[in-house]
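Colleague: This is the structure I have questions about; it appears just below.
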Amino acid sequence: MSPALIRSEARLLVPALMFIALVVAAVASLGTPLITSVATTFHVSLGSAQWTLTIALLSGAVATPVLGRLGAGPHRRATILATLAIVVVGSALTVLPLPLPFAWLLVGRAAQGVGLGLTALLMGVARDHLPEERSAATIALISVVSIIGAGVGYPLAALLAEFGGLRAAYGLGLLVTAIAFVTAWRSVPAAPEGRSAHVNVAGALVLAGGLLLVLFLAGERSLWSRHLAVAVTLAVAAVLLLCVWTVSELRTETPLVDVRAVRHPAVAGANIAMFVGGSGMYLLLTLITRYAQTPHAAGYGFGLTTFAAGLVLIPFSVLGFVAGKLTPRVRERIDGPLLLAGSAAIVGGGFVLFATARSNPAELLAAMGVLGFGVGSFSAAMPGVILAVTPKNETSSAMSFNYVVRSVGYSLGSAIGGLVLAAGTATGRLFPNEDAYTTAALVGVAAMAITTMVSLALARRRSPGTSRTGS
């Protein structure tokens, strides 16, 4: 193949990968702005409606390591197309007027969540089929787009729900996922020859059980206050399942995730930073959107509609994308772990800003912008830190594990926010005291301080010759 043709295909492949990553992230986030509409449309409680978001996160976390292992083999293209087909079918189930509509809606949302596992596979495609200097920047942007997709999907879904109803909002998901499937079919190349991948089914089931319990416990905050013994029992069961899975992965010849590689100081440190940092990042995102929608009657807040609250996410998406574009260039001069540390410090600054200045919407926009820039930089730097010590054929598997860690961290951040705000809600009151938001913000500052210290420790362990390209 001529160099000119290679460059032409690369130009087409990059926007295709970006679009697919954006679609799966945006569609998975559709549950967030539509929870109230789901509750009123299907006559269920807000707690039940919350599962339209939780179940997507659950299915995504369970599917991600399996898809990552399949993506490391010769059938990566088929895996991507099959996954997108599942997402399209799930999107159709959220729109069609079927019997037991709420049950089918949850099934559809679970199918849509499977698409979250595609991000690591898309990174593998970029690393295999793009020139070295182009692949690092593309992988960084894929990581960023998978985060800021929520900021794109939230206001669009809220606008459609406000003017066209719930089905119109979910109809958007069906449209864009169908386009993403066609895009992948036309543009995603086959994996290089000579690879193999075997899925450890037993290991996948044990990991799925452990993750299911972890994310369920993170999402069901009322379980800890009303049925503490049950919650503790489930938590112990989750820890045991994950321990059994780790031991089995070390012993099997066909591990779902190469746990030995995960134990590498660079990979382990990056995943710890992702877990703690992800908890803090999602915590601030949750606090700002919830504060913006709190009615004036609570003594604070701005009473924004769902659509208006979605617009608050625009600075998050815009500055996150800007940071994602800048980070690969900055990384030519600054090592990846130091970028992680700086990004975590920026997010911590967003927490400080929210804790001290939230008297008008402009201050919330500023905090959201700071959060977006920090998250964008953090997300863009993370793949390079991991892939610098990861073989090409293990790209999808290594990054899929990192995204499982991120999903668990996000769920934990959401749960922490809910618990702190619930603890600050007086008996008989619907909304928490404003001081509870300050307390939650301080928890976030602590989380980002830990993330910064872990990243700095990782930077000190890096050898001078470590590559910054992530190739």
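The values are calculated or read from the model by the stated rules, or taken from the named source; none is laboratory data. Nothing here was measured: the structure is a model prediction, and the numbers come from that model. Positions of Cβ are backbone-derived with ideal geometry, glycine not excepted, and every protein chain shown enters the neighbour counts. Surface areas here come from the heavy atoms of the whole protein model, side chains and all, with no ligands, DNA or RNA. Shrake-Rupley method; radii C 1.70, N 1.55, O 1.52, S 1.80 Å.
Colleague: Would you mind telling me which numbered condition in (1) at pLDDT 85 or above; (2) farther than 30 Å from Ser37 by Cα Leu283 fails?
Modeller: (2)
Colleague: Still on this structure, I have one more. Could you list, in sequence order, all residues of the range 189-203 that are open to solvent by less than 30 Å² (accessible area, probe 1.4 Å) and in a helix (DSSP H, G or I)?
Modeller: Gly203
Colleague: A further question on this structure: Run Ile334 past the list (1) in contact (Cβ under 8 Å) with a residue 24 or more places away in the chain; (2) among the hydrophobic types (A, V, I, L, M, F, W, C); (3) under 30 Å from Leu456 (Cβ atoms); (4) open to solvent by 10 Å² or more (accessible area, probe 1.4 Å) and report the number of the one that doesn't hold.
Modeller: (1)
Colleague: Can you tell me which residue is most open to solvent (accessible area, probe 1.4 Å) among those in the range 230-247 that are modelled with pLDDT under 90 and more than 25 Å from Ala110 (Cα to Cα)?
Modeller: That would be Val247.
Colleague: Also, I was wondering about something else. Just to confirm my filter: which helices (runs of 4 or more DSSP H) fall fully inside the range 68-160 and include at least 1 residues that are among the hydroxyl-bearing types (Ser, Thr, Tyr) and modelled with pLDDT of 90 or more? Break it down stepwise before answering.
Modeller: Details: elements: 76-93, 101-114, 118-129.
By residue number, 76-93.
Colleague: Quick test for you: out of Gly210, Gly171, pick the one residue that is surrounded by 15 or more Cβ atoms within 10 Å (Cβ to Cβ) and without any contact (Cβ under 8 Å) to a residue 40 or more places away in the chain.
Modeller: Gly210
Colleague: Is it the case that Ser379 is out of contact with any Leu (no Cβ under 7 Å at 6 or more places or on another chain), at pLDDT 95 or above, buried (at least 24 other Cβ atoms within 10 Å of the Cβ) and more than 21 Å from Thr439 (Cα to Cα)?
Modeller: Judged against the criteria, Ser379 is not a match.
Colleague: Working only within the range 302-321, note down all residues that are touching a residue at least 24 places away in the same chain (Cβ under 8 Å), more than 12 Å from Phe378 (Cα to Cα) and part of a helix (DSSP H, G or I). Break it down stepwise before answering.
Modeller: As a first pass, look at the range 302-321 and keep what is touching a residue at least 24 places away in the same chain (Cβ under 8 Å): 302, 304-307, 309-321.
Still in the list and also more than 12 Å from Phe378 (Cα to Cα): 302, 304-307, 309-319.
Thr306, Phe307, Ala309, Gly310, Leu311, Ile314, Pro315, Phe316, Ser317, Val318, Leu319, listed by residue number.
Colleague: Within the bounds of the range 134-155, is there any residue that is open to solvent by 40 Å² or more (accessible area, probe 1.4 Å), within 28 Å of Gly73 (Cβ to Cβ) and not acidic (Asp, Glu)?
Modeller: So the first thing to find is which residues in the range 134-155 are open to solvent by 40 Å² or more (accessible area, probe 1.4 Å), and the list is 134, 152.
Cutting the leftovers down to within 28 Å of Gly73 (Cβ to Cβ) gives us 134.
From what is left, the residues that are not acidic (Asp, Glu) are 134.
Yes, because at least one residue in the range 134-155 is open to solvent by 40 Å² or more (accessible area, probe 1.4 Å), within 28 Å of Gly73 (Cβ to Cβ) and not acidic (Asp, Glu).
Colleague: Check Gly349, Gly342, Gly299, Gly369 and return the single one that is under 30 Å from Gly428 (Cβ atoms) and surrounded by fewer than 23 Cβ atoms within 10 Å (Cβ to Cβ). Give the steps one after another, and end with the answer.
Modeller: Numbers: Gly349 fails: under 30 Å from Gly428 (Cβ atoms); Gly342 fails: under 30 Å from Gly428 (Cβ atoms); Gly369 fails: under 30 Å from Gly428 (Cβ atoms).
Gly299 is the lone residue from the list that is under 30 Å from Gly428 (Cβ atoms) and surrounded by fewer than 23 Cβ atoms within 10 Å (Cβ to Cβ).
Colleague: Against the conditions (1) free of Cβ contacts under 8 Å to residues at least 40 places away in the same chain; (2) crowded, with 21+ Cβ neighbours inside 10 Å; (3) of a type in the set (S, T, N, Q), where does Thr425 fall short? Just the number, please.
Modeller: (2)
Colleague: Here's a check for you: in the range 45-54, which residue that is open to solvent by 40 Å² or more (accessible area, probe 1.4 Å) and either touching a strand residue (DSSP E or B) at 6+ places or on another chain (Cβ under 8 Å) or of a type in the set (A, V, I, L, M, F, W, C) (or both) is farthest from Val95 (Cα to Cα)? Lay out the reasoning, then the answer.
Modeller: Step one: list which residues in the range 45-54 are open to solvent by 40 Å² or more (accessible area, probe 1.4 Å), which gives 45-48, 50-51.
Adding the requirement that they be either touching a strand residue (DSSP E or B) at 6+ places or on another chain (Cβ under 8 Å) or of a type in the set (A, V, I, L, M, F, W, C) (or both) leaves 46, 51.
Numbers: Leu46: 20, Trp51: 17 Å.
Ranking the candidates gives Leu46 first.
Colleague: Also: Restricting to the range 62-94, name every residue that is under 15 Å from Val182 (Cβ atoms), open to solvent by less than 10 Å² (accessible area, probe 1.4 Å) and among the small types (Gly, Ala, Ser).
Modeller: Within the range 62-94, just Ser91 meets the criteria.
Colleague: Now for a separate question. Say we look at the range 342-362 and pick out the residues that are assigned to a helix (DSSP H, G or I), of a type outside the set (A, V, I, L, M) and over 23 Å from the mean Cα position of the chain (by Cα); which of these is modelled with the lowest pLDDT? Talk me through it step by step, then tell me what you get.
Modeller: Going through the range 342-362, the residues assigned to a helix (DSSP H, G or I) turn out to be 342-356, 361-362.
Now drop any that are not of a type outside the set (A, V, I, L, M), which leaves 342-343, 348-351, 354, 356, 361.
Now restrict to residues that are over 23 Å from the mean Cα position of the chain (by Cα): 356, 361.
Values: Thr356: 95, Pro361: 92.
My answer is Pro361.
Colleague: Still on this structure, I have one more. Within the bounds of the range 390-405, is there any residue that is in contact (Cβ under 8 Å) with a residue 60 or more places away in the chain, open to solvent by 60 Å² or more (accessible area, probe 1.4 Å), under 30 Å from Glu193 (Cβ atoms) and out of contact with any strand residue (DSSP E or B) (no Cβ under 7 Å at 6 or more places or on another chain)?
Modeller: Taking the range 390-405 and keeping what is in contact (Cβ under 8 Å) with a residue 60 or more places away in the chain, we get 390, 392-405.
So of that shortlist, the ones also open to solvent by 60 Å² or more (accessible area, probe 1.4 Å) come out as 392-393.
Adding the requirement that they be under 30 Å from Glu193 (Cβ atoms) leaves 392-393.
With out of contact with any strand residue (DSSP E or B) (no Cβ under 7 Å at 6 or more places or on another chain) added as a condition, the list becomes 392-393.
Yes; the residues of the range 390-405 include at least one that is in contact (Cβ under 8 Å) with a residue 60 or more places away in the chain, open to solvent by 60 Å² or more (accessible area, probe 1.4 Å), under 30 Å from Glu193 (Cβ atoms) and out of contact with any strand residue (DSSP E or B) (no Cβ under 7 Å at 6 or more places or on another chain).
Colleague: Read through the list (1) out of contact with any helix residue (DSSP H, G or I) (no Cβ under 8 Å at 6 or more places or on another chain); (2) part of a helix (DSSP H, G or I), then give the number of the only condition that Gly428 fails.
Modeller: (2)
Colleague: Looking only at the range 163-188, how many residues end up being modelled with pLDDT of 90 or more and part of a loop (DSSP other than H, G, I, E, B)?
Modeller: The number of residues fulfilling the criteria is 1.
Colleague: Residues in the range 322-341 that are of a type outside the set (A, V, I, L, M) and part of a helix (DSSP H, G or I): how many?
Modeller: We begin by selecting, within the range 322-341, every residue of a type outside the set (A, V, I, L, M); these are 324-325, 327-329, 331-333, 335-337.
Remaining after also requiring part of a helix (DSSP H, G or I): 324-325, 327-329, 336-337.
Total meeting the criteria: 7.
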